1. Mind sorting out which of [x] 28.1, 117; [y] 17.3, 50; [z] 24.7, 87 is the real Rg and Dmax of the Cα atoms in Å computed from the coordinates?
2. For the chain, give the magnitude of the charge dipole about the Cα centre (Cβ charges: +1 Lys/Arg, -1 Asp/Glu; no others), in debye to the nearest 20.
3. Taking the Cβ of VAL107 as the centre, find all other residues whose Cβ is under 13 Å away and add up their charges (Lys, Arg: +1; Asp, Glu: -1).
4. Give me the one-decimal nm value for the distance between modelled label points at VAL107 and LEU73, 7 Å along each residue's Cα-to-Cβ direction.
5. Along the charge dipole of the chain, pointing to its positive end and built from +1/-1 on Cβ of Lys, Arg, Asp and Glu, which listed residue (VAL72, PRO13, LEU23) has its Cα farthest out?
6. At 7 Å along the Cα-to-beta-carbon direction for both LEU210 and MET32, put a label point, then send me their distance in nm to one decimal.
7. Determine the share of the chain's accessible area contributed by carbon and sulfur atoms, expressed in whole percent, with a 1.4 angstrom probe.
8. Using a Förster distance of 25 angstrom, determine the FRET efficiency expected from the C-beta separation of PHE39 and ARG250, and round it to 0.05.
Amino acid sequence: MPEPIRAIPVRYPGRWVASAFILLLSAMFVHMLITNEVFNWPFMFENMFIEPVLIGVRTTLVLTVLAMVIGVLIGIIVAVMRLSGNPVLAGVGWVYTWFFRAVPRLVLCVLFGNLGVLYSTIDLGLPFDNYWMPLLGMSGDARFLSFETRDILTAFVAALLALALSEGAYMAEIVRAGLQSVDKGQTEAAQALGMSRTKVLRRITLPQALRVIVPPTGNETTAMLKDTSLVAYVPLTTELWFQLQTVGNRVFDPFPMLVAACIWYLAITSVFMFGQYFLERSFTKGDRQAQAGLKMLQAKTGN
């Protein structure tokens with residue numbers, strides 16, 4: 001009769017060494033946070049909740065939401081244009097995506113902040129009136145309304161345009177990938193039933209594509225929240241990063257407010273990620289129910 005096998009547990013000394021090393025580094029980091037006077041924690045907590053900073057938080061949130069809403073709408077339109085059989089629409093959609101994905105958002109913020117250099121006024125009317133009206137022997141112009149550029153293109157509007165147009169290019173690729181993930185047979189079947197292209201997109205394709213679109217859109221929202229700090233270069237003075245910098249520079253002690261900026265962005269991003277988690281779960285609820293039903297069926301049939 002064979003002797004019983006003695007199971008000897010495998011030792012992992014490297015894991016314990018690595019764990020001890022990580023704990024040591026963590027203790028050193030916490031000690032540095034507590035003892036280093038450069039952080040100036042009392043000054044930071046005293047100034048990170050003052051009214052200008054809270055206004056900056058509100059501006060950052062409003063910019064994030066508006067830029068994402070406009071960006072998603074633009075992305076859907078451009079994605080449909082990219083998938084269109086019309087070469088003009090597809091070409092314009094490609095050029096838009098190419099340009100706004102290629103130019104950094106910081107450059108776009110500075111560019112849109114200086115658009116008033118191009119035109120001092122914005123006129124509404126018939127195009128090229130300076131050319132065709134003299135040829136017809138007509139004097140004056142064919143413009144109906146005129147606005148001062150600085151009155152319309154405020155710092156907030158310039159910042160919103162820069163972020164939203166840039167986001168629209170990224171969302172266009174996300175939406176296009178989502179639409180292409182839906183089986184073409186479903187579109188053909190819906191069209192065979194007499195549904196128009198718009199109705200097929202709204203009722204058949206887009207709802208199924210949302211499972212592919214929603215997760216990266218949540219990541220884009222988090223990225224947009226962080227990129228709102230770039231509008232300080234427009235300059236938009238009511239933005240969170242600008243306000244925190246102003247507080248630190250005013251007392252010639254900027255480092256504590258840099259830490260305050262990290263804390264603010266970490267807090268807001270954590271809330272966004274928490275909401276994204278439950279949003280994604282709601283879109284995969286049907287898949288989980290289907291898998292549970294399949295397991296129950298397999299258990300009953302013994303397969």
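The values are calculated or read from the model by the stated rules, or taken from the named source; none is laboratory data. Owing to the predicted nature of the structure, the values given are computational and were not obtained by experimental measurement. Note that we place each Cβ from the backbone using ideal geometry, even for glycine, and neighbour counts take in every protein chain shown. When the accessible area is computed, the model is the full protein with side chains, heavy atoms only, and any ligands, DNA or RNA have been set aside. Shrake-Rupley method; radii C 1.70, N 1.55, O 1.52, S 1.80 Å.
1. Recomputing Rg and Dmax of the Cα atoms in Å here gives the entry labelled [x].
2. Charge dipole of the chain: 1540 debye, to the nearest 20.
3. Here the count lands on +1.
4. About 2.8 nm, to one decimal.
5. PRO13
6. Label at LEU210, label at MET32, 4.6 nm between them.
7. Its accessible area is 68 percent carbon and sulfur atoms.
8. 0.85
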